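For reference, the structure discussed in these notes is given below.
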Amino acid sequence: MRHLTRSQAFATLGAVMLAALTGCSTAADADRADAKPSPTLTPAALPAPRSAPAPALTLTSLPKRGEVRIEEGPFTDRVRVTRLALTKKPTVTGHVAITSDVSDVLALELRAAYYDADGRLLGTGSFQYQEEGEDAHGDDHHDGPRAAGNGIDFTVPAKKLTGTPATAVVSIPVLVNE
């Protein structure tokens, strides 16, 4: 018996559903017009969207004081993050640009996990960018960072810290571009 991979199973199911929805038929189907109708197909349950993993409670290798690291993830090979800094406020600031192509960013989320000098998690923060359509390009309609051109400057403020951070780790759980 042949085992299908998950993607092969979804592709097969999608093809069957598409054929059913578009009313495709064959000569064999016409011959069976008198036959009893087949039961209706119900779509298979798709896996729930995954959320970003929670930050590590402790760092295994301690970074230098003030260092900001980028956590490897599904989008880190598509972007270049520069000018990373941990400020005294505390916030993480930097600049992100798409490197995989020249399209504009439609949605972006950055998360920062803040750690003390011993590598213990103190708290987190997030930065979200959402393109608002054509109106977002006009100066009157968009006050936030611009996605077009050379990228986006970002600030990830810390929320509800339990101490003074010495370092941070930034992850990119959401990136949607044209």
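What tally of residues in the range 59-110 results from selecting those that are outside any loop (DSSP other than H, G, I, E, B) and touching a strand residue (DSSP E or B) at 6+ places or on another chain (Cβ under 8 Å)? Don't jump to the end; show me each part of the working.
Taking the range 59-110 first, the residues outside any loop (DSSP other than H, G, I, E, B) are 68-70, 76-86, 91-98, 105-110.
In the following step, the residues that additionally are touching a strand residue (DSSP E or B) at 6+ places or on another chain (Cβ under 8 Å) were identified as 68-70, 76, 78-86, 91-98, 105-110.
Total satisfying the criteria: 27.
Checking the structure you have, find out if any residue of the range 92-100 is out of contact with any Pro (no Cβ under 7 Å at 6 or more places or on another chain), more than 17 Å from S126 (Cα to Cα) and modelled with pLDDT under 85.
Taking every residue of the range 92-100 in turn, at least one turns out to be out of contact with any Pro (no Cβ under 7 Å at 6 or more places or on another chain), more than 17 Å from S126 (Cα to Cα) and modelled with pLDDT under 85.
Kindly provide the set of residues from the range 50-96 that are of a type in the set (D, E, K, R) and either farther than 25 Å from N177 by Cβ or in contact with a His (Cβ under 7 Å, 6 or more places away or on another chain) (or both), ordered by number.
Selection gives K64, R65, E67, R83, K88, K89.
Quick check, is T124 at pLDDT 95 or above and more than 19 Å from the chain's Cα centre (by Cα)?
no
Kindly indicate the residue of the range 71-89 that is modelled with pLDDT of 95 or more and closer than 22 Å to T58 by Cβ and also surrounded by the most Cβ atoms within 10 Å (Cβ to Cβ) among those meeting that condition.
L86
Cβ-Cβ below 6 Å, separation at least six or inter-chain, first residue in the range 154-166 and in contact (Cβ under 8 Å) with a residue 40 or more places away in the chain and under 10 Å from Y114 (Cβ atoms), second assigned to a loop (DSSP other than H, G, I, E, B) and among the small types (G, A, S): which pairs?
A166/A117
Look through P157, P173, P165 and report the one residue that is more than 20 Å from the chain's Cα centre (by Cα) and modelled with pLDDT of 75 or more.
Details: P157 fails: more than 20 Å from the chain's Cα centre (by Cα); P173 fails: more than 20 Å from the chain's Cα centre (by Cα).
One residue alone meets the criteria, P165.
The values are calculated or read from the model by the stated rules, or taken from the named source; none is laboratory data. Note that this is a predicted model, so its numbers are computed, not measured. Cβ coordinates were reconstructed from backbone atoms using ideal geometry, including for glycine residues, and neighbour counts include every protein chain displayed.
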